[in-house]
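Each reported figure results from applying straightforward, stated rules to the coordinates on display, with no laboratory input. Values in this document were obtained by computation on a predicted structure and should not be read as measured data. With ideal geometry, Cβ positions are generated from the backbone for all residues, glycine too; neighbour counts draw on all protein chains shown.
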Amino acid sequence: MNKKPIHYYDFEALEREAIAFGGLYREWLHPLTGERALSCSIITLPPHNKLKHIHSKAMPLMLPQEDEVLNMWLDSSLTDTEVFNDLLKPNLPQDLITYQIDKPSTHQQISEGVLIPKDAPPIGN
């Protein structure tokens, strides 16, 4: 059987930036004990063409670095989720550096970093 070798990669933001992933969380209350628990998940999107050689099945939702978008995302009083529809398309809102690592448990970098440039903003923005 001819299995493809497994390669692991990591991503970094440029200096003085962070990667903000879009996710959801929910607080659960046990009906008998009153115990509270939180669950969370990262929203995934179809793969991005620039990342298909690394993530061929999906990519996480990456939020733009603008304060307005981040504040809206974190605003629990915002109930009109349609304002986020444009975010639900594969998009690289910032430059990323990617490099190959040996395996997730040791996370040793085994290749030089490669710049993956951000996408151009949509026309009209």
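Pairing each residue of the range 1-20 that is hydroxyl-bearing (Ser, Thr, Tyr) with any residue that is surrounded by 10 or more Cβ atoms within 10 Å (Cβ to Cβ), provided the two are 6+ apart or on different chains, yields C-beta distances under 7 Å for 8/100; 8/101; 8/103; 9/54; 9/98; 9/99; 9/100; 9/101. Against the list (1) closer than 17 Å to residue 23 by Cα; (2) surrounded by 10 or more Cβ atoms within 10 Å (Cβ to Cβ), the condition residue 98 fails is (1).
Note on the range 31-65: residues that are under 26 Å from residue 93 (Cβ atoms), polar (S, T, N, Q) and part of a loop (DSSP other than H, G, I, E, B) total 2. Residues considered: 6, 43. Of these, the only one that is over 16 Å from the mean Cα position of the chain (by Cα) and of a type outside the set (D, E, K, R) is 6.
Go through (1) in a strand (DSSP E or B); (2) closer than 22 Å to residue 121 by Cα; (3) among the hydrophobic types (A, V, I, L, M, F, W, C); (4) out of contact with any Gly (no Cβ under 6 Å at 6 or more places or on another chain) and name the single condition residue 28 misses. Failed condition: (2). Here 32, 51 are screened, and the one residue that is more than 26 Å from residue 71 (Cα to Cα) and in contact (Cβ under 8 Å) with a residue 60 or more places away in the chain is 51.
Looking only at the range 1-20, which residues are of a type in the set (Gly, Ala, Ser) and within 21 Å of residue 108 (Cβ to Cβ)? Break it down into steps so the answer makes sense when it comes.
So the first thing to find is which residues in the range 1-20 are of a type in the set (Gly, Ala, Ser), and the list is 13, 18, 20.
Scanning the range 1-20 gives a single hit, 13.
Name every residue in the range 66-95 that is surrounded by 14 or more Cβ atoms within 10 Å (Cβ to Cβ), assigned to a helix (DSSP H, G or I) and in contact with a helix residue (DSSP H, G or I) (Cβ under 7 Å, 6 or more places away or on another chain), in order of residue number. Within the range 66-95, just 72 meets the criteria. Checking every residue in the range 30-51 against the condition of being in contact with a Pro (Cβ under 6 Å, 6 or more places away or on another chain) and aliphatic (A, V, I, L, M) gives at least one match.
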